[in-house]
1. Quote the charge dipole size of segment 291-400 about the Cα centre in Debye, to the nearest 20; the model charges only the Cβ of Lys and Arg (+1) and of Asp and Glu (-1).
2. Sorting Tyr243, Tyr82 on the 10 Å Cβ count, fewest up front, what's the list?
3. Using alpha carbons only, how many angstrom separate the centre of segment 69-143 from the centre of segment 246-288?
4. To the nearest 0.05, how large is the calculated FRET efficiency for Asp258 and Glu221 if R₀ is 41 Å and r is the Cβ-Cβ distance?
5. Taking K and R as +1 and D and E as -1, what net charge do the other residues with C-beta under 14 Å from the C-beta of Asn100 add up to?
6. For labels at Lys316 and Asn162 in the simple 7 Å Cα→Cβ model, what's the distance in nm?
7. Which residues does the label zone of Val377 cover in segment 313-338, counting backbone N under 18 Å from a point 7 Å along Cα→Cβ?
8. What is the local net charge at Ala144, summed over the other residues whose Cβ is closer than 12 Å to its Cβ (Lys, Arg +1; Asp, Glu -1)?
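Computed from the coordinates by the stated procedures, all read-outs in this text should not be read as laboratory data. Predicted model only: the values in this text are computed from it and were never measured. Cβ placement follows ideal geometry from the backbone for every residue including glycine, while neighbour counts extend to all protein chains displayed.
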Amino acid sequence: MSLFSFGKKAPTLEEVGVPTQPEAGVGKEIKKVKRVKKTKEAPEANQANEAISSYLEKIPTPPAIDDLVEGSVISIDKGAVYVDLPPFGTGIIYGREFQNARDIIKKINVGDIVAGKVVGVGGKEGYIEISLKEARQAIIWNEAEDAIREKRTFELPITDANKGGLIINWQGITGFLPASQLKPEHYPRISDGDKDKILDELKKLVGEKLSVTIIGVNPKEGKLIFSEKSPETKDKENIVSRYALGDELTGEVTGLVDFGVFVKIEEGLEGLVHISEIDWGLVENPKTMFKIGEKVKVKVIEIKDGKISLSIKALKENPWREAEKKYKKDDVVEGVIIKFNKHGALASIEEGVAGLIHISEFGSEEKLREKLEMGKVYSFKITLFDPKEQKMALSYVEKK
């Protein structure tokens, strides 16, 4: 869209050197110029043509539908506002456009300069129909596009939340902040992806002010997309490419959830230590083992799709290597019950080495719990032993 600023007087033909009336003999001279190109009169004819071209270039283009125009208010009636748009005439705001812009019109006085969007031309009265409301919207959308280019940051309150993200209002336009564009400390970390739980977490941010940037604009669809992530942050995939499997790093704990620990490796890059990668022994609750801001040593165990997976236990001695030297299938060992699950019970035969006693051996969970109690030591026979895969199955041995 172009913004027209009218009011300059168009130059006359005399001012650009073009005679308004042909003098005697002028026509003959022009014909002579056409027949004989290389005469003394030829440069004068060229100058006249250049003057005409220059004049035509200076004539402003009449406004068209959707153009933005501005001019001074010359009259305000009960149902219309008239705006001076020289040299093309007068603009008018009336009917639906007048009703839509009542709040704006209340603040307007004769002589004020206003901007409007052309919504009609060539009416029977000859007025250029303009809309203040649509002009304001167009200007705001233009500002949004400028904000993207200039990477401006805004402190804006969260007005609502849905299962996909947060709602933000900016200059009267409703925008959307996808959950994927939240900073790590605000991202809803739900292990099972339950949308209702995600929504509950997002609702906690309603009313808070977040520092955001505009990353997407679509005026036709009325879409405005925000991001809480810094526009200066380097491309994540480029950051991840600097790391390789097996790298041993020191990071900072940024998040504690039921399914693991989030660790920041550097600005713009955060990895997950899954609960299964925290320790060789059983980990019930990561939140009791770490604190936000704590420094931890981790090892890179997977890099995929711009994401990095980390391990803490990989930096510790693998107890299954020693177990491989000590145990084999059919051995009878002692183990302590450390956990019940839907498959049965887990018994630890030493720190970091545990096997499953399957529920099918007892017929029901109730009977299993009658025989085995949490924290107590029992005798078991090893029925499956795969130290490389860290798998072991046990069978309960009745006391004689």
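1. My answer is approximately 360 debye.
2. With the fewest neighbours first, Tyr243, Tyr82 line up as Tyr243, Tyr82.
3. Going from one Cα centre to the other spans 60 Å.
4. The computed FRET efficiency comes out at 0.60.
5. +2
6. Calculated label separation equals 4.5 nm.
7. Label zone hits: 327, 332-338.
8. -1
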